[in-house]
1. State, to one decimal in nm, how far the label point of residue 39 lies from the label point of residue 65, with both points 7 Å from Cα in the Cβ direction.
2. Report the calculated FRET efficiency for residue 51 and residue 101 (r = Cβ-Cβ distance, R0 = 25 Å), to the nearest 0.05.
3. Could you tell me which label, among [x] 1.36; [y] 1.00; [z] 0.95, carries the value of Rg/Rh (Cα atoms, Kirkwood Rh) calculated for this structure?
4. Quote the FRET efficiency, to the nearest 0.05, computed for residue 168 versus residue 116 with a Förster distance R0 of 25 Å and r equal to the Cβ-Cβ distance.
5. Give the calculated FRET efficiency between residue 90 and residue 140 to the nearest 0.05, with a Förster radius of 25 Å applied to their Cβ-Cβ distance.
6. Does the range 98-137 come out rounded, prolate or oblate, given a ≥ b ≥ c as the square roots of the eigenvalues of its C-alpha gyration tensor, rounded meaning a/c under 1.5 and, failing that, prolate meaning a/b above b/c?
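Read-outs throughout are calculated quantities, based only on the coordinates presented, and are distinct from any laboratory measurement. It should be emphasised that the depicted structure is a prediction, and the values quoted were computed from it without experimental measurement. Ideal geometry is used to build each Cβ from the backbone, glycine not excepted, and the neighbour counts take in all protein chains shown.
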């Protein structure tokens with residue numbers, strides 16, 4: 001029951017329970033907005049601390065850098081760094097077909113010697129560099145679906161690196 005107070009000729013109702021519920025709801029809204037702004041500043045919706053990730057495979061033969069939160073049909077990239085390329089005159093990087101189904105590879109730098117499909121993997125063969133040191137391959141990609149994207153990228157016949165992205169609309 002509201003308590004009436006007379007102030008300068010106006011009757012005002014004092015509804016404490018309603019006011020407390022309103023204040024609680026308002027504070028919850030402020031907390032949600034603060035968390036949303038914090039996540040955006042940290043990189044959940046664009047460049048920032050959370051937006052990119054670098055992973056290595058178990059034996060250290062491959063390092064993969066990619067955006068954690070790309071946007072639908074906007075340019076993105078997967079950068080693979082091979083510290084010590086394999087023996088012989090070339091090495092092979094592969095992307096599993098489940099990743100290729102949700103992400104279009106527009107261009108690969110450097111240009112691969114050949115591209116083949118085998119056992120659910122798209123295999124890119126590259127010329128080994130004449131210079132000593134790491135070799136970097138950049139896959140210029142465009143996400144083709146909104147939501148979670150999972151896949152694997154690997155070097156040679158090995159296990160590879162798990163990749164997880166969430167594509168924003």
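1. Using points 7 Å along Cα→Cβ, the separation is 2.6 nm.
2. FRET efficiency, residue 51 to residue 101: 0.60.
3. Answer label, from the structure shown: [x].
4. Efficiency, from the Cβ-Cβ distance: 0.15.
5. On the way: r = 21 Å, r/R0 = 0.84.
The pair residue 90/residue 140 has a calculated efficiency of 0.75.
6. It comes out prolate by the Cα gyration axes.
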